[in-house]
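Heads up, the thing below is written out as structure tokens.
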Amino acid sequence: VFVNKENGGGQQCDDERDRMKVTDRNANHCPVEVTLSVIGGKWKPLILWHLGEGGVRRFLELQRTIPGITRKMLTQHLRELERDGVVARQIFDEMPLRVEYSLTKYGQTLRPLLRVLCHWGSKHEAYVARNGPRPAPRVEPTAPKRMAIAIG
Amino acid sequence: MQTELPLPERCLVRPALKVLGGKWKAIILYHLLEDRTLRFGQLRRFLPDATQKMLTQQLRELERDGIVSRKVYHQVPPKVEYSLTEFGQTLRPVMTELRKWGQKYRSRVCQQGERRRPAVRR
């Protein structure tokens with residue numbers, strides 16, 4: 001039985017503060033940076049990817065799918081993604097308690113973007129494999145050398 | 001459209017964002033996509049809050065990742081121009097999608113802000 005989508009009542013002040021943060025970051029940055037602030041970071045791309053491509057996931061399933069993520073980090077990122085309206089959390093009143101995460105309808109709008117990013121990541125990986133890791137080149141002396149021009 | 005291709009076996013979103021996600025890189029790429037070729041000084045004017053050191057560093061990383069090319073003209077005063085490489089041009093649809101989603105997010109948050117009372121800062 002679906003019971004509740006919201007966080008506990010004790011989180012309300014934090015949520016209000018977070019919302020202000022969202023508004024601030026929103027007002028001051030270009031749209032690309034806004035997107036990056038929602039989906040970027042070490043773990044969020046993977047969380048969103050697995051929820052997008054894999055569908056509904058329980059907490060432990062997500063933790064197992066993303067090796068290296070701690071329980072604390074996963075909780076924190078899921079909460080931030082919930083705050084941004086892209087992830088939904090459902091608690092089922094069962095014993096043991098079941099908590100499931102999925103993309104919201106709005107979060108589904110991220111899927112085409114994540115796919116485009118994934119494809120580009122693959123292209124870039126292939127590009128680096130072809131060209132090798134290279135230090136940033138510093139000089140490209142392509143300009144014509146000064147030449148003495150004899151006139152007449 | 002790229003999304004119709006079969007997906008890579010691994011999620012490569014994070015590596016992609018690692019290339020694009022550095023501080024100022026989104027804005028640098030935006031301007032290079034718009035204006036094609038820019039001198040260092042022009043880029044600095046577009047990013048007044050970035051220090052010269054930071055901007056140089058970000059451009060170097062983009063160069064290293066094969067996105068941006070740097071052309072030095074040996075003349076007086078010296079001229080250095082930045083543009084996207086051919087590979088860098090493949091970022092155009094990616095940046096468009098990133099921008100579109102950010103715009104949608106922004107308007108959504110604005111609508112929510114109008115519906116809600118503003119939060120009280122403590």
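Structure data summary
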| read-out | value |
| --- | --- |
| Cross-chain or 6+ apart pairs with Cβ under 7 Å, segment A:100-125 first and within 11 Å of residue B:101 (Cβ to Cβ), then of a type in the set (S, T, N, Q) | A:112/B:3; A:116/B:2; A:116/B:3 |
| Count of segment B:31-60 residues which are modelled with pLDDT under 90 and surrounded by 14 or more Cβ atoms within 10 Å (Cβ to Cβ) | 3 |
| Candidate set: segment B:90-103, residues that are free of Cβ contacts under 8 Å to residues at least 40 places away in the same chain and either β-branched (Val, Ile, Thr) or more than 7 Å from chain A (Cβ to nearest Cβ) (or both); chosen: the one farthest from residue B:67 (Cα to Cα) | B:100 |
| Counted residues, segment A:83-123 - those being more than 30 Å from residue B:91 (Cβ to Cβ) and of a type outside the set (Gly, Ala, Ser) | 13 |
| Failed condition for residue B:75, given (1) in a loop (DSSP other than H, G, I, E, B); (2) touching a strand residue (DSSP E or B) at 6+ places or on another chain (Cβ under 8 Å) | (2) |
| Segment B:19-63, subset without any contact (Cβ under 8 Å) to a residue 24 or more places away in the chain, facing chain A (nearest Cβ under 9 Å) and not acidic (Asp, Glu), residue farthest from residue B:83 (Cα to Cα) | B:21 |
| Residue B:66 touching a Phe, Trp or Tyr at 6+ places or on another chain (Cβ under 9 Å) and either touching a residue at least 60 places away in the same chain (Cβ under 8 Å) or within 11 Å of chain A (Cβ to nearest Cβ) (or both) | yes |
| Scope segment B:1-46; condition out of contact with any strand residue (DSSP E or B) (no Cβ under 7 Å at 6 or more places or on another chain), more than 16 Å from residue B:65 (Cβ to Cβ) and not in a helix (DSSP H, G or I); matching residues | B:1, B:5, B:6, B:7, B:8, B:9, B:10, B:11 |
| Residue among A:132, A:68 that alone is at pLDDT 85 or above and surrounded by fewer than 12 Cβ atoms within 10 Å (Cβ to Cβ) | A:68 |
| Qualifying residue in segment A:52-65 (condition: within 11 Å of chain B (Cβ to nearest Cβ) and buried (at least 20 other Cβ atoms within 10 Å of the Cβ)) | yes |
| Filter pass, residue B:60 being farther than 24 Å from residue B:97 by Cα and assigned to a strand (DSSP E or B) | no |
| Residue match in segment A:90-107 (condition: within 14 Å of chain B (Cβ to nearest Cβ) and assigned to a helix (DSSP H, G or I)) | yes |
| Exclusive hit being modelled with pLDDT of 90 or more, in a loop (DSSP other than H, G, I, E, B), surrounded by 12 or more Cβ atoms within 10 Å (Cβ to Cβ) and under 15 Å from the mean Cα position of the chain (by Cα), set A:121, A:85 | A:85 |
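The values are calculated or read from the model by the stated rules, or taken from the named source; none is laboratory data. These figures come from a predicted structure and were not determined experimentally. Here the Cβ is made from the backbone with ideal geometry for all residues, glycine too, and neighbour counts use every protein chain on show.
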